[in-house]
Every structure is written in structure tokens, then in C-alpha cells.
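Below is one structure, written out as C-alpha cells, with a few remarks after it.
No lab work stands behind these numbers, since they all come straight from the coordinates. Predicted, not measured: the structure shown is a model, and the values here were computed from it. Cβ placement follows ideal geometry from the backbone for every residue including glycine, while neighbour counts extend to all protein chains displayed.
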């Protein structure tokens, strides 16, 4: 195993440029955890509409279960008339759907939150966009004879906690979100069968919602009258209903489960701390919002006025577009900031809203680089 | 094995407390005695290094409390205050991290002294191998053709005291049911033979590991 995660940098007196380049990465996943795998996509990969699967970030609570190709997802509980057990091969009777969507960990950017908070200290790389192929959860629930009085769908994967004293990872989504035609049980990613690290054989796809709803190794789907209970609903994955001062604890009253990720943009290149040649240059990156399509992306170059960037790719809630901003670079140090605005009017803020677990970081992304 | 199981049940029925470490070592040593080669015990305690009454160095406390479930890179990347570290250690202790109550202040203080807001930024290393393949099944090689019935017996003698008779884990050992590692036999064998966290090295022969793997695979996915 790679041991460099234990490297102590104090002795190296790392400059911010070295750190920035390491955050940007060089075409390989970046390890925030080797066991279980907590691996981030390098920023430099965010110049593509589709994040390559081998560079797509990896995150789970307990690490993967065994790779069982015919693992069944059980559709059961008291709110279905006909419980089902479905393996990938059993899904052929449903209409196949392929869609493109951003998958972003709720904690992406946690390492940038000030004051600091505990958890995997993600930089920018716990996000990616892929095409996902599967069947609609709605169709599967219909086939199971969904009771119309169900208000939530409780979900669990096959990944077991390491000890009986560790709470199991269970989430739920409201029935409307479950019946949304974009909510899929997927078995392909970027055109190829899902890999184990990404939830094989079956995972849930919930476009626009944070990754903790995209249950990997999907094993249990249970419509219910109530939301799921337990640590990951009642304590984890919650955000303040209104902003709170740093250090304030969350309570059931002042918080709610996080769902839709907010508007955000990230610069893929130039990389922070990079040295580039003079001449015509482009600032390139991605912009996305869980709530609505991207309306505009603006670049602030060297603390000047905000200027519009060009957008590429199909707009839509929960999917990203590329932005490009071309300019003639003169020798010296340059700075850029990016902010996106979505079609619902939400504007990426200069500073992210602090919360005790560092969820949904979406401050302006800034880079500084040198032109020779 | 029965006395061990009774001890284990007593341990599991209470919060992580003062006797857990001693019981863990006793169980581990008892387990080692049933294996086919001489036992290699868990690290020998060093008196009083971590603080009043502690039997372990802070580094040992981290290894023993944390690394059964996740790698040391997770604590190393945190930049937390002493208060946050104390809360984190207590939360993990509540989830079953094996740290004696009396060692919690020393462990928290050690983590806070190294991984605080003044520490250099954490730089995540690039992965050095194909991360997707690193968790997917490999050829069983020398660990093929195990016999599950023999594996059950060996598991019960060697592993079950800590990993629980049903292999779903206990306060001492982690869950082994339906894990990807069961289909990466060489990696599995390496961990068994090297030990990890509180688990002492288990010098099992290849056929023994094959048998244990065959048994654990029968516990399979639900």
C-alpha cells in the first residue's frame, strides 16, 4: 500500500504552491484514505464533461462488500404488495434509461472550511460527472405494488459496519424524490458495467442530491410512512436550517437532513501555483447546481470586474457544464476567481456557509499562477 | 473455547472499560495458542508512557484504537482543536474504538498536539496503483480449494473469539462477513499473518487460510 499518506510535511516546509499542486494532482486519484478508500479526483480532470471512471472519486463509510455479480436488491416492507428480489439480470424487463449527472460527496470541500471540522478533509475532488445507465426506481416500485400512502423510501447498501457498535449506514428519500423519473437503480457508469468501488452491481442515482443518497451496493429498498432513523439521518448528514455561528451544535430543531447540493464552480486549469508560458490562455472548469441548470459563470481576473465565461455542454439541474474564459496572459503573477449562478437565481458565495460537518462547501474557487 | 466466549460476552456487555485491553490480549494469546505455529503476541505494554496509568505509548494507542477500522491517514489529515479531538475520540470510543477510559485524555492530547490548526497542510498522496482494481477479486492462488467445514473449526479456534462466532464482529474484532477482502486471498493472508491494530499476527499455513476463507465465504451476502 502507498504509505505517503503518513508523510509529515512539517520538516519539508512545504510552500503553498507545492500544496496547491498536490491538491491539483497529476492524473491520478488522491488518497485521503486507503482503508476504506477515500480517493479524490485531481482538479486537472475537471476540464471534461465526463469524468473518466478511473479518475472518478471514491467514497464509502465502511468499504465495499464482496463483489457478488448476482447480488439482489430487496424491494420489501409493509408498503409494497409484492416484495421483489432483483439482480441486474432481472432488471431487463424495465425500460433502460441513461442520463448524465454530477455525483458529489456532501463533504466535498470540508478541508477548506474554517474553522476546521472533523471528517475526511476533502479538497475539491469529491465530485465528478458520469453517464449512468439503469432503470427507474419508480418503475421498480410500481412493479412491487407500491402503497400510495408511502411517504418515504428507506435505503441501505450491503456494506456492513466494521463492528456491531458502529451505526449502520441507512438513509431515506421522500417518496416524491424516489418517484422522480431521474432516480435510477444503475448498473452501468460511463457506458461500462459499474465497478465495485462505484457500487457494483447496483447503486442508486439521485441527480441533484448529495452523494450520501446515491447508495452503493444497493441491497434494501423499503417504502415506509416515516424517514429512516439512526445516526446517518438523525445526527450525520444534517445542516443548519439557517446559518449558525461556528462552534454551535446542531439539534433536531435547528437542523435538517441535507439534500440538494448548491451552485458551485471549480477551475481545472490553470492549476494553482502553476507556471505557464505567456500568450493566449484559457481558464477552464466546470459549473453545476443540484437545484437548476447553470445560468452563467463569471471570472474575476486579477481582481478586475467579473466577466462572463462561455458555457459548453447540455444545461440541466444536477449536471455540469464546462466554462471557458480566454485572455492574453502577460508575464507575472495572475489571480482568478470563479463564481456560478444557476437558473433559480442562486449565486455561488464568496465564503461558504459554516456548518459543524463541513457539508456543501461552495465558495468561489480561486487560483494563482505565474506566467513566464 | 467456551471460557473465551464467556469472556467475550462479558466484554461486549459493557462499555469499553479498564479491563478490555487485558482481555483483548488474553483472548489474542489464547487464540494464538490454538494455531499451528508459535504465537507472536501483541506489542508489549510500556508502563506509564502515555500518561498517568497508561500502559501504552501514544503511537500505540492510535494503532490499537484506530487502525482496526481505518488507516492512520484519517487522523493524520485532521486539523482540530483539543476540544474537537476529545469529542472525536469519545465519539469513536462510543462506536467501539478500543481505548480505555483512562487513556482517552492521553490519546486526545497526543492527536491534538500533532494534528491541529498549526500543523502543515495535509497533502493527499497520489494513488500508486489502479485503485479500482485494488479492491476487486484476485485469483485464489495458493488459497484455492479450501474446505469450509475445516475452516469453520479453525475459525472458531483462532478468530471467533474476537471476530465473533458469526464473524459479524464484536467489541474486539471487525466484521468479516461479506467483505471484499474475502475474494483477495493473498491480501487476506498477508493481514492474517502480519496482524493489524489489536489483532496479533496469526502464523497460519496456506491450507489453513484457504479453509478459513472457504468458511467465511459461506456466510455470504444476504
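Here are some notes:
- The peptide list B:118-131, A:161-174, put in order of mean Cβ contacts within 10 Å with the highest first, becomes A:161-174, B:118-131.
- Direction-averaged projected area, Cα convex hull, the stretch A:4-257: 15.2 nm², rounded to one decimal.
- Percentage, to the nearest whole number, of Cα pairs in the stretch A:191-253 over 18 Å apart: 55 percent
- Mean ellipticity per residue at 222 nm, deg cm²/dmol - from DSSP H runs of n ≥ 4 across chain A, formula -39500 (n - 2.57): -1500 deg cm²/dmol
- Shielding by partners, peptide A:113-121 (average Cβ within 10 angstrom, other chains): 5
- Anisotropy class of the stretch A:91-203 from Cα gyration tensor, a/c 1.5 cut: prolate
- Shielding of peptide A:63-70 by partners, expressed as the average count of other chain Cβ atoms within 10 Å per residue Cβ, is 6.
- Averaged over peptide B:176-183, the number of partner chain Cβ atoms lying within 10 Å of each residue's Cβ comes to 6.
- Cα gyration tensor shape of the stretch B:58-114, rounded if a/c is under 1.5, else prolate or oblate by comparing a/b with b/c: rounded
- Of all DSSP beta bridges in the protein assembly as shown, antiparallel share, percent nearest 5: 95 percent
- Calculated SAXS-style log₁₀ I(q)/I(0) at q = 0.06, 0.07 Å⁻¹ - the protein assembly as shown, Debye, Cα scatterers: -0.33, -0.45
- Sorted peptide list for A:189-198, A:300-309, criterion being average Cβ within 10 angstrom, highest first: A:189-198, A:300-309
- Shape call, the stretch A:310-372: gyration tensor on alpha carbons, a/c limit 1.5: oblate
- Where Rh is the Kirkwood radius over Cα pairs, Rg/Rh for the stretch A:264-371: 0.99
- Most mobile listed residue (A:101, A:287, A:158) in chain A, GNM with C-alpha springs under 10 Å: A:158
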